1. What FRET efficiency do you get for residue 52 and residue 215 if R0 is 30 Å and r is their Cβ-Cβ distance, rounded to the nearest 0.05?
2. Given axes a ≥ b ≥ c from the Cα gyration tensor, I'd like to know whether segment 81-187 is rounded (a/c under 1.5), prolate (a/b larger than b/c) or oblate.
3. Rounded to a whole number of µm²/s, how large is the Stokes-Einstein D of segment 36-96 at 4 °C and 1.567 mPa s, given Rh as the Kirkwood radius over C-alpha pairs?
4. Where nothing but the Cβ of Lys and Arg (+1) and of Asp and Glu (-1) is charged, how large is the charge dipole of segment 217-257 around its Cα centre, in debye to the nearest 20?
5. Rank these residues by their accessible area, most exposed first, probe 1.4 Å: 57, 38.
6. Which is farthest toward the positive dipole end of segment 28-152 among 84, 58, 141, measuring Cα position about the Cα centre, with Cβ charges +1 (Lys, Arg) and -1 (Asp, Glu)?
Amino acid sequence: MAGTHGDRVTESPVPEDGTPGAALLRLVEVMDILRVSCPWDAKQTHETLAPYLIEECYEALEALEDGDPAALRDELGDVLLQVVFHARVAAERTDGTGFNIDDVATGIVEKLIRRHPHVFSDVQVSGAEDVKRNWDAIKAAERGGREGALPTALGSVPFGQPALSLAAQLQRRAERAGVPAELADLPTGAAGGPASGGPASDGQGPDGVSEIGATLFSLVAQARAAGVDPELELRAAARSYRERVRRWAEDQSRDRA
């Protein structure tokens, strides 16, 4: 086991007994040491760590898109660090709301078992669609109508995600909940309406949006109808554009040489 000797942290190797997950114990141990011994780690809060959680997830996604297994492994490690770090910070709370990494792991284990009754109980399924329907039904029951009249599947959609992914997830969840497809045809107001903080105009209600916003929302619906993920499609387009700009810059550099 690792320990400290004066101001120096002693090293101990990652367990090599072949047990899956053994190295996770070492990660938790190292995080505990850093929280006490490193000035930067010691002063972090959930709020100061939030940008890194988002950043590391995007870097993992980029490694996945690049088809680079080694980079993906490293980036997933950074994402895992954020989980362990936040759990370590939460463990220090004294107001009764604290939790530790075991609480986090126990919570997801219990959820996975609960939402896979076809594996851990005697529920029968005919395929992946049945699994998805059961998952949604169990999730709705767990939430117990906490979203009021809003379908539970939509109430749990996080609005902190990028707008394109948000629109796609809302539409996908709405479709599964039986929401009429025509509700995605949003009413439009003036270009300077709600999106820019001004009131809706042209007789539109408070849910009116700019024509550009409504068009983008409609394009998300079109992408879904075509069987593609709009977020991934736009990311691919952005990567293509970046590559074209790179080649243009190289050509410009050669012309000046």
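The values are calculated or read from the model by the stated rules, or taken from the named source; none is laboratory data. Just so we're clear, the structure is a prediction, and the values are computed from it rather than from any experiment. Here Cβ is always computed from backbone atoms with ideal geometry, including for glycine, and neighbour counts include all displayed protein chains. These accessible areas exclude ligands, DNA and RNA; they are computed on the full protein's heavy atoms, side chains included. Shrake-Rupley method; radii C 1.70, N 1.55, O 1.52, S 1.80 Å.
1. The formula returns an efficiency of 0.30 here.
2. oblate
3. 102 µm²/s
4. In total the dipole reaches around 140 debye.
5. From most accessible down to least: 57, 38.
6. 141
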